[in-house]
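K.L.:
I have a structure I would like to understand better, so I am pasting it below and will then ask my questions one at a time.
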Amino acid sequence: MSTTVPEAQAEPFSLVSTKDALDSLRSPRDSEFSDRVPERESIATSVSELDDIALDDDAPALFSAPSVALIHEPPSASGLLTPTQTPDTGINGNEEQVNGGPVNGSSMSGVDLEFPSPKKSHQKSASITTIRSGRNLSFIEDKRRSARISLDGQQALQEEFSRLQKERQALQEQGAEEAIDWDFWGAVISNYQGFAAERPEELAEAIAKGIPATLRGMMWQHMAASKDLELEGTYIKLLRETSTHEKSITRDLGRTFPHHAFFTDGQGIGQENLFNVLKAYSLYDSQVGYCQGLPFVVAVLLLNMPDEEAFSLLVRLMQVYDLRGHYLPEMPKLQMRLFQFDRLIEELLPVLHVHFLRQGIKSSMFCSQWFLTMFSYRFPLEIVFRIYDHCLANGIEAIFGFSIVLLKKNEENLLKLKFDEILDFLNNRLLDEYKVLGEGGKPIEPTRYNVDEFVGNAVSLRITPFMLDCYRHEYEDMIREANKNAIQMDELRTSNRALSHQCKSLESSLAQLNTEHVEVLNELVKQRLRNEELEGELVRYKLLYAEAMHENEDAQSSHRMSFAQMLMKRGSK
């Protein structure tokens, strides 16, 4: 249901302007970015090798949003105590427990989807789905010190806050700056972990209302404990190296917020910093390298902090907030979270789940884009910043709340649509329910959105770590079973290959034996012919022998007769 307010009363809401609902990536053409903050030269400018960047054709944009101030000139560093709590540990602000403990009555089906006003508490997600995906990798072991906020980095943020406070308080008194409770946020930044432990509900309420744009970059670094001067030095060193992904990175630069004031100029500092951070990370984490979707995540960071700090926070998001698995070649964590998202829809929105099944709608058709870019691809920047606020404060699982709320808010409309209409609605009209309407029920021009209502609905939706862990176990069991079948198939294929090889060997042996058999038969035939020839020779010699014997007998008989006659003649004398 859209919120209807008079135009004169539309200002108190956290609102965002958009240009054209048919565009996909446009950011504001008229931005206050250059007026709000003086220019700051990146510390990486001196080593940048990007003088000319060829941009691809501009991609259209769906939403527009006013730009946010950068935080400039990192101050000098000195020692200060380092916060020890990471986004994994959490701040115990409510009664939720993991792995069998009570979770709101231990019922997954008891989730309230009517967006009640929750008892706000600043708590990191206790879900064990947020783990260091690369803890077994050597490069993460080498960079373990870089994953903790350094003493010098903590002091640098303190000094940056003091400088900003002096600069902005004067502007705030003149009415040129948004009202900021400097005492409250000063107490938070001076000891973030201690403040979050002692006053979690107050901090959660402040984050739900939105971190002031001027302090957002510093708060993100505090929440993620990412400020690390050593890692920033590594970033500068990496810029001097060459990455194999530079061509792909350059090709995608023009598609990332192409009409945002900070990224419009192809040779400006925005495009250069975006290229530098992406190139440096592709060198820092060779397994991930570069993946489409990363430019949008990095661009949001660059709109709130210098490039060296954005690189450190990106490393933290990847390694500690478990975002790295979204960009590995097989995208294992993205696949798991899409499965968890499907199960959440089935559990919390069963009618819509059945409708999606009947229409052939899969979460990967629309939700993978949300998760890969953390909603920065098609959503207004002010909404994106608020989503980042909660993800950095509560863990990456906060994206499920925003995703489910969007479907819940539009469930009635989605149930009336068919396949193509559903996809078009999810891509272009998903935030229509949050449009601020003027008098007569017509949208205010330029289009504005009630960001506070959207964030409040997402925060009030209780998706417990227990639920996510159950779904994770289901996914792991499914993968294990699939892998088991795959292993059996591999074993059968291996056995089949071995038998085929053995069969071929036997066939080869049989052919060789056949050849030898033919040769033996040929030799036998030859020997038989030779034997017949010898037998013929033997018969001939026997005949000759018989003739010789007969002639010898005739000769002897003639001799005897002659001798007898001679004797007779001698006797007659």
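K.L.:
For the stretch 278-333, what's the relative contact order in percent, using C-alpha pairs closer than 8 Å and at least 6 residues apart?
P.N.:
With pairs under 8 Å counted, the relative contact order is 31 percent.
K.L.:
Shifting gears a bit: Search the structure for amide H atoms under 5 Å from the amide H of TYR449, placed 1.01 Å from N in the peptide plane, and list their residues when 5 or more places away or on another chain.
P.N.:
For TYR449, the qualifying residues are VAL16, VAL436.
K.L.:
Express the accessible area of the stretch 450-515 per residue in Å², computed with a 1.4 Å probe while the remaining protein chains stay in the model.
P.N.:
I get 63 Å² per residue for this part.
K.L.:
Still on this structure, please answer the following. Probe of 1.4 angstrom, ligands and nucleic acids ignored: what's the accessible area per residue over the stretch 329-376, in square angstrom?
P.N.:
Using a 1.4 Å probe on heavy atoms only, each residue of the stretch 329-376 averages 40 Å².
K.L.:
Would you give the gap between the C-alpha center of the stretch 224-264 and the C-alpha center of the stretch 520-573, rounded to a whole Å?
P.N.:
With the stretch 224-264 and the stretch 520-573 each reduced to a Cα centre, they are spaced 115 Å.
K.L.:
At 0.36 nm per residue, and after removing the present C-alpha to C-alpha distance, how many nm does the segment from ALA179 to ASP424 gain when stretched out fully?
P.N.:
Using 0.36 nm per residue and subtracting the Cα-Cα distance, I get 84.3 nm.
K.L.:
At a 1.4 Å probe, what is the % contribution of carbon and sulfur to the accessible area of the stretch 268-403?
P.N.:
Heavy-atom surface of the stretch 268-403 belonging to carbon and sulfur, 1.4 Å probe: 52 percent.
K.L.:
How many angstrom lie between the C-alpha centres of the stretch 398-430 and the stretch 324-381?
P.N.:
Answer, in whole Å: 12.
The values are calculated or read from the model by the stated rules, or taken from the named source; none is laboratory data. Just so it is clear, the model here is predicted, and its values are computed rather than measured. Accessible surface areas use protein heavy atoms only, side chains included; no ligands, DNA or RNA. Shrake-Rupley method; radii C 1.70, N 1.55, O 1.52, S 1.80 Å.
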